[in-house]
1. Quick check on my filter: what residues within the range 26-46 are outside any loop (DSSP other than H, G, I, E, B) and over 17 Å from the mean Cα position of the chain (by Cα)?
2. Kindly indicate whether Ser217 is modelled with pLDDT under 95 and part of a loop (DSSP other than H, G, I, E, B).
3. Answer yes or no: is there a residue in the range 333-340 that is assigned to a loop (DSSP other than H, G, I, E, B) and open to solvent by less than 20 Å² (accessible area, probe 1.4 Å).
4. Here's a check for you: in the range 268-289, which residue that is open to solvent by less than 70 Å² (accessible area, probe 1.4 Å) and part of a helix (DSSP H, G or I) is nearest to Gly241 (Cα to Cα)?
5. Considering only the range 365-404, state which residues are among the hydrophobic types (A, V, I, L, M, F, W, C) and part of a helix (DSSP H, G or I).
6. Consider Arg153 carefully, then state whether it is under 24 Å from Ile220 (Cβ atoms) and modelled with pLDDT of 95 or more.
7. Is it the case, given these coordinates, that Ser194 is modelled with pLDDT of 95 or more, in contact with a Leu (Cβ under 6 Å, 6 or more places away or on another chain), surrounded by fewer than 15 Cβ atoms within 10 Å (Cβ to Cβ) and under 30 Å from Thr6 (Cα atoms)?
8. Being touching a residue at least 60 places away in the same chain (Cβ under 8 Å), more than 30 Å from Ala408 (Cα to Cα) and either assigned to a helix (DSSP H, G or I) or of a type in the set (S, T, N, Q) (or both), is that true of even one residue in the range 301-316?
Amino acid sequence: MYEMITLPNGVRIAFEKMDNVRSAAVGIWVGVGSRHEKASENGATHFIEHMLFKGTDKYSAQGLAAAMDGIGGQINAYTTRESTCYYARVPDYHLDKAIEILSDMFFNPRFDQADVDSERGVILEEIDMYEDSPEDMVVEKMLAKCFTGSLGRPILGKPSTLSAMTGEDLRKFKERRYIAPRVVVALCGRFEDSHIKMIQENFSALEKRKDAGLRGSVYIPCFTVKRKSIEQNHLCLGFPGVSIGSEERFAMNLMSTMLGGGMSSRLFQTIREKHGLCYSIYSFTSSFADTGLFGVTTAVGRETEQKALSLIMEELKRFREEGVTQIELDRAREQAKSNILMSLESTSSRMNRLGSGVLHLGESLDPDELIRRFDAVTREDILRLARKVLDFDEMSFSAVGRVGDADAYRQVLSH
């Protein structure tokens, strides 16, 4: 069971002790992602994530790396559309040093212009890396079309916006957006009360300001085809999903598992095992504060893609019309419960569940409650959700590769 302290400025500190381990994971979660950027600022949040590792008044970039390596720790960060997380995992006897390093990075980044110019090149290479990854590109193209405005913009930004950003621009963006009510510090593992006090003292310095909120977004069906000279064609079918806090998220998780979440899933058994049309096929969910996306993606040869799409459509329609068996539901439920229970053995997994839950939902459901929620899902719930989500009038499509004419895809998908 975790505990939580809310500081006078609005920063929340959530912590959970694990006395049977000898490590601790600490993360600074910030409710700021690419969705909070203006069009001209696209990529700023991710750029800031990079710059926090480029040095402070106390540490150079090399000094930060050496300090963490010197205590045998792991430190990293990531940016999403709605949040940024800076985290570290260390042996318990070095936790105070990890908190000191993360806090210094968070509060005192230099944003030196020479470092900004150098790191811009790194990010441009990162963009090129994703451009060379068609399995990522096919989903990103769909997200960009399905969600207009800031939610659909790329997390990494664009060369045109990144080229104009200065160190001072990034500093001002951080000062404006990184406000106390949007910050959660999560700590899991073996720690002392002194570590909580240290976090309280450090984060009490963050300015108390009102949260400006978020501009809403809705799913809009889209159709996008991108020609790229690669061996396979990467295909993605999308449908309106559920928000991150929706009560239907548990049923959605199980629905996705049954359709395309593993080797026993319907799509894997039909498209790969029975017909041998692909190596990989899976379904996924992307949930945001007020909307979401459910998708199915695969990669196939140009000559077999129409057959694969027809079979995928057949399976989706059958799922929508007939629902699932109790055996399928029980199997998916056991997978969800197993993931929950096995993650309890990892300080990092617990910290991520705790930080993400408090930041996005205001609370983190304990494992027993999560299991209870999955146990409560019925076959009728799945069928009701499938008929709501798998609305073929609202279906989106994205393709990347040696793709054919867009009308040919529309014809296959309309049958």
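The values are calculated or read from the model by the stated rules, or taken from the named source; none is laboratory data. Remember, it's a predicted structure, so these values are computed and weren't measured experimentally. Note: ideal-geometry Cβ built from the backbone for every residue, glycine included; neighbour counts use all protein chains shown. Protein only, heavy atoms only, side chains kept; ligands, DNA and RNA dropped before computing areas. Shrake-Rupley method; radii C 1.70, N 1.55, O 1.52, S 1.80 Å.
1. Val26, Ala39, Ser40, Glu41, Ala44
2. Considered against the rule, which asks whether it is modelled with pLDDT under 95 and part of a loop (DSSP other than H, G, I, E, B), Ser217 comes out as yes.
3. no
4. Here the answer is Phe268.
5. Correct list: Leu370, Ile371, Phe374, Ile382, Leu383, Leu385, Ala386, Val389, Phe392.
6. Considered against the rule, which asks whether it is under 24 Å from Ile220 (Cβ atoms) and modelled with pLDDT of 95 or more, Arg153 comes out as yes.
7. Considered against the rule, which asks whether it is modelled with pLDDT of 95 or more, in contact with a Leu (Cβ under 6 Å, 6 or more places away or on another chain), surrounded by fewer than 15 Cβ atoms within 10 Å (Cβ to Cβ) and under 30 Å from Thr6 (Cα atoms), Ser194 comes out as no.
8. no
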